[in-house]
Amino acid sequence: MNASEILKKDAANIWHPLTQHKTAMPPLAISHAQGNYLFDHEGIKYFDAISSWYTCSYGHCNSTLISALQNQSQHLHHVVFAGMTHEPAVNLSEKILSILPANQSKLFFSENGSTSVEIALKMAFQYHFNRGEKRLAVIALDGGFHGDTFGAMSASGLSVYNGPFEDLLIKVERIPVPTQHNIDEVLLQIDRLVEKYQFASFIYEPLVQGAAAMQMNDASVMDKLLSRFRESGILTIADEVMTGFGKTGTYFASDQILTKPDIICLSKALTGGIMPMAITSCTQEVYEAFLSDDTSRGFFHGHTYSGNPLGCAVAGAAIDLLISDEIQDGIKLINNAHALFAKRLQEHSLVAAVRHCGVILAFDLDLEMQRYGNERNEIFQWFWKKGIFLRPLGKTIYLVPPFTTTAQELEFLYETILEFLESR
Ligand SMILES: *Cc1c(COP(=O)(O)O)cnc(C)c1O
């Protein structure tokens, strides 16, 4: 099929995510992808500067990951995970637990970031329920994003899209993102909230709030918040769906914060963008609250594709890549280059705020703009024509390149960004 046939059939049959079809531009037809590049049907290549929504951290069609997928597909592609188990899941569990914060002890499988959050929230509610406490509310950060299913949507603070569902959401109280300046006030606010409601959990994106346009939070201040919740018996849930697997410079963002979470949500780069898979990990203490001679105290949650062997095999191979010297060197290279470029950007008159953490670099243009408005689309188009795929969020332009990005490719990204700023 050529591109125009694809677009015609697409328009006839398909409803795309996050899209207002009345006003949206037609989608771009992608023919294939290799390494750090996407290719259109004319064979023109585009650098994938956001790793296809933070998933393809090892590049597209990575040969190690593809062989893991091919090998596994010869033996066992799917089997029921309730009452059965298999080697790929067990292998993966050992690998993940060896790099997760040491307090994590059990893994629960699902298929996407939203379900990993849904599972975390339900785990926390039932943890208290099983201990005879009715705790039915959640605390979350302003501007947090946790997914689009009901529980995850309730916890998300980007409420512009939640209008039709507002009365159906679970009870969530929101607190400001803590900073060196407001931390005492935020702690006071928590004291007041804890008197008013019984909270089951606190959910947060450690170090970087992705959908809030890569807003960053301070590890030492976050630590104060987490200890405060620990004192109140409120379980802490780190949503590392975006930050997990090396993006902040460490394996997990939680590695950089002293107090470790009770529960961690993982997805996106878990399989390097090859299979949809997610994991919710928890401490032994959380797990043990579900052990009982009473069957109903178990966690009766499951998805058909839980623990899918293909996903497990690829995720296991992805962790081998993540801990390899080659990938760790790649992360350091990007981190160091971003730090230097951030300094250059700071001096630019059109740039309002520059932030950087690991392979994530973001800056705001010094003007107001709608999140997905026309002006934003023009910026998208400008970079697309230059051979770069990035997705500005309103006035924020950000990069989350694959760990396989070379120094030359980084230079190309940076120079193109400077050229864009000069063109304004
Ligand atoms: C993407 C994302 C989610 C949702 O994951 P899906 O796989 O899109 O459901 C949840 N939390 C964070 C922090 C995310 O970045």
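The values are calculated or read from the model by the stated rules, or taken from the named source; none is laboratory data. Since this is a predicted model, take the numbers as computed values, not measurements. In this analysis, Cβ positions are derived from the backbone assuming ideal geometry, glycine residues included, and neighbour counts consider all displayed protein chains. What goes into the accessible areas is simple: the full protein's heavy atoms, side chains included, and nothing from ligands, DNA or RNA. Shrake-Rupley method; radii C 1.70, N 1.55, O 1.52, S 1.80 Å.
Note on segment 237-280: residues that are within 15 Å of the ligand (Cβ to nearest atom) and hydroxyl-bearing (Ser, Thr, Tyr) amount to 6.
Within this structure, residue 298 passes the test of being more than 16 Å from the ligand (Cβ to nearest atom), open to solvent by 10 Å² or more (accessible area, probe 1.4 Å), over 26 Å from residue 207 (Cα atoms) and free of Cβ contacts under 8 Å to residues at least 60 places away in the same chain. As a summary of the residue check, residue 390 satisfies the conditions (1) open to solvent by 10 Å² or more (accessible area, probe 1.4 Å); (2) of a type outside the set (S, T, N, Q); (3) modelled with pLDDT of 95 or more except for the one numbered (1). Specify the residue that is surrounded by the fewest Cβ atoms within 10 Å (Cβ to Cβ); the eligible residues are those in segment 110-137 that are more than 14 Å from the ligand (Cβ to nearest atom) and under 21 Å from the mean Cα position of the chain (by Cα). Once the filter is applied, the top-ranked residue is 122.
Only strands (runs of 3 or more DSSP E) whose full extent lies in segment 1-99 are considered here, and the ones with at least 1 residues that are free of Cβ contacts under 8 Å to residues at least 60 places away in the same chain and either open to solvent by 60 Å² or more (accessible area, probe 1.4 Å) or of a type in the set (Lys, Arg) (or both) are 30-34. Inside segment 138-164, residues that are among the hydrophobic types (A, V, I, L, M, F, W, C), open to solvent by 70 Å² or more (accessible area, probe 1.4 Å) and either under 15 Å from residue 236 (Cα atoms) or away from the ligand (no atom under 16 Å from the Cβ) (or both) make up a count of 1.
Among residues of segment 258-283 that are farther than 12 Å from residue 104 by Cα, those with a Cβ under 8 angstrom from a residue that is of a type in the set (Asp, Glu), sequence gap 6+ or separate chain, pair up as 258/223; 259/223; 266/240; 276/111; 277/111; 278/111.
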